[in-house]
Amino acid sequence: MDILDDLVKERFGRAAVRGLCEKPGLFEPGRLYRRVDICEKLRAEFVTLGGDAATTKEDVAVALKTWLHGPDCPFRKEARGRYRFRDAEAESDQSPRVEVRCDPPSDAPPLAPELEIGAGACEVYAWYLPEYAHGSDRWPVKIGRAGPDGLGQGLLAFQENLPEQPRYLLRLGCADDGEARRRESLLHAWFECRGQKLEDLPGRQWFRTNPGEITEAIRNIIVAEPSPGKVGASDVGELVASAFNDVTAADWARLPADMTDRLDDYLYGDEGR
């Protein structure tokens, strides 16, 4: 345990993951764990042993992510994104077990958004797991952005790490990555100022909300393009300028010198003087 005593004095990292997983009794041999459960147990034990109490689940998730696939990892990946904690001594005398994978077929179609607003190569997206929505009017929803490759195919590839098929709630089309960044920031700020940002989940893109609130936010903070045939505020200046295109210098010279000061008099007469 001397090694762990040294590890908890440092910032949480892969060495802490390795040391904690070797600690007897923290994980039960043969049991299946979700990755989020592994993160929670590692963080709690790290803090209990004297580690930095400000360590977040995101810190743990980053250190755990690549280590789970390393050769010295005691977890074996199985179906539906679960990881089985194996007992190395108990398995040493057994023949190798076949690892169960649930990789999607290479020709599987990407997931399609339930709601699509606007068009563009890039996007701001929202997705969640159906189990989060049970018995609540608000639940964890991830609001992020994606480039030209899109979120749909990426979710399909990432799905093996999830306990169930995600719901691709929204695709907000954006012309480029710059527009996607701005719109993502606007939506994040909208929910942050309402106290709906989730601080206890890995990443900075999780909010407690629902589809109706997201579409309301988009209507309020993201201005739509002017419809054909309608005049927007930005067009008014051009329309006014074009109305005077045929006025000559001689015409301007015939106007009274005090026209600006006495505009009402010239328009409506001098009765009001």
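Of note, S227 does not satisfy the criterion of being among the hydroxyl-bearing types (S, T, Y), modelled with pLDDT of 90 or more and out of contact with any helix residue (DSSP H, G or I) (no Cβ under 7 Å at 6 or more places or on another chain).
Scanning the range 199-216 for residues that are among the hydrophobic types (A, V, I, L, M, F, W, C) and modelled with pLDDT of 90 or more turns up W206, F207, I214.
Yes/no per residue for (1) in a helix (DSSP H, G or I); (2) among the polar types (S, T, N, Q); (3) open to solvent by 40 Å² or more (accessible area, probe 1.4 Å); (4) closer than 25 Å to W206 by Cα:
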{"position": "G25", "(1), (2), (3), (4)": "no, no, yes, no"}
{"position": "E28", "(1), (2), (3), (4)": "no, no, yes, no"}
{"position": "I38", "(1), (2), (3), (4)": "yes, no, no, yes"}
{"position": "F46", "(1), (2), (3), (4)": "yes, no, no, yes"}
{"position": "G51", "(1), (2), (3), (4)": "no, no, no, no"}
{"position": "E58", "(1), (2), (3), (4)": "yes, no, yes, yes"}
{"position": "A61", "(1), (2), (3), (4)": "yes, no, no, yes"}
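The values are calculated or read from the model by the stated rules, or taken from the named source; none is laboratory data. Note that this is a predicted model, so its numbers are computed, not measured. Using ideal geometry, Cβ is built from the backbone for each residue, glycine included, and neighbour counts are taken over all protein chains shown. Protein only, heavy atoms only, side chains kept; ligands, DNA and RNA dropped before computing areas. Shrake-Rupley method; radii C 1.70, N 1.55, O 1.52, S 1.80 Å.
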